[in-house]
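**Student:** Please see the structure below; I have some questions.
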């Protein structure tokens, strides 16, 4: 879902600094999805069908000002970080724990960038 939302935001953003934040967030979303898909594939677990490009209407009118995108990133990054923070001590698999720790670190970095 985040990938779809960020793609829509990037289509409408005008501010160059905010656009850079959105691009970083989209890159992270795509990277995280890739790692999850790799883990599922290695474990022969079926890949769930989630949101896709078919769920994005880039022709829809702009809904928000650029400043909203920063608030969205700030709050979703905080939410993601808190979820990863809870998950890390509960996970037994080393690869998944390392992935969640990496995700948490990247969310902290994104939060810092949104504050700037």
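The values are calculated or read from the model by the stated rules, or taken from the named source; none is laboratory data. Because the structure is predicted, anything quoted here is derived from the model rather than measured. Don't worry about glycine lacking a Cβ; one is built from the backbone with ideal geometry, like all the others, and counts go over all protein chains shown.
**Student:** May I ask you to say which residue of 84, 75, 69 is at pLDDT 95 or above and in a helix (DSSP H, G or I)?
**Tutor:** The unique qualifying residue is 69.
**Student:** Only residues that are assigned to a helix (DSSP H, G or I) and closer than 24 Å to residue 95 by Cβ: list them for the range 40-66, please.
**Tutor:** Correct list: 40, 41, 42.
**Student:** Just to be sure before I move on: is residue 96 part of a helix (DSSP H, G or I) and more than 19 Å from residue 34 (Cα to Cα) in the structure I sent?
**Tutor:** no
**Student:** Please enumerate the residues belonging to the range 51-70 that are surrounded by 12 or more Cβ atoms within 10 Å (Cβ to Cβ) and closer than 21 Å to residue 112 by Cβ.
**Tutor:** 66, 68, 69, 70
**Student:** Residue 56: at pLDDT below 95 and touching a helix residue (DSSP H, G or I) at 6+ places or on another chain (Cβ under 8 Å), yes or no?
**Tutor:** Spelling it out, residue 56 is indeed at pLDDT below 95 and touching a helix residue (DSSP H, G or I) at 6+ places or on another chain (Cβ under 8 Å).
**Student:** Exactly one condition in (1) within 23 Å of residue 4 (Cβ to Cβ); (2) free of Cβ contacts under 8 Å to residues at least 40 places away in the same chain; (3) over 18 Å from the mean Cα position of the chain (by Cα) is false for residue 48; which is it?
**Tutor:** Failing condition for residue 48: (3).
**Student:** Separate question: Determine which single condition residue 37 fails, assuming it passes every other condition in (1) modelled with pLDDT of 95 or more; (2) in a loop (DSSP other than H, G, I, E, B).
**Tutor:** Every condition holds for residue 37 apart from (2).
**Student:** Filter the range 6-25 down to the residues that are touching a residue at least 24 places away in the same chain (Cβ under 8 Å) and within 16 Å of residue 77 (Cα to Cα), then identify the one that is surrounded by the fewest Cβ atoms within 10 Å (Cβ to Cβ).
**Tutor:** That would be 24.
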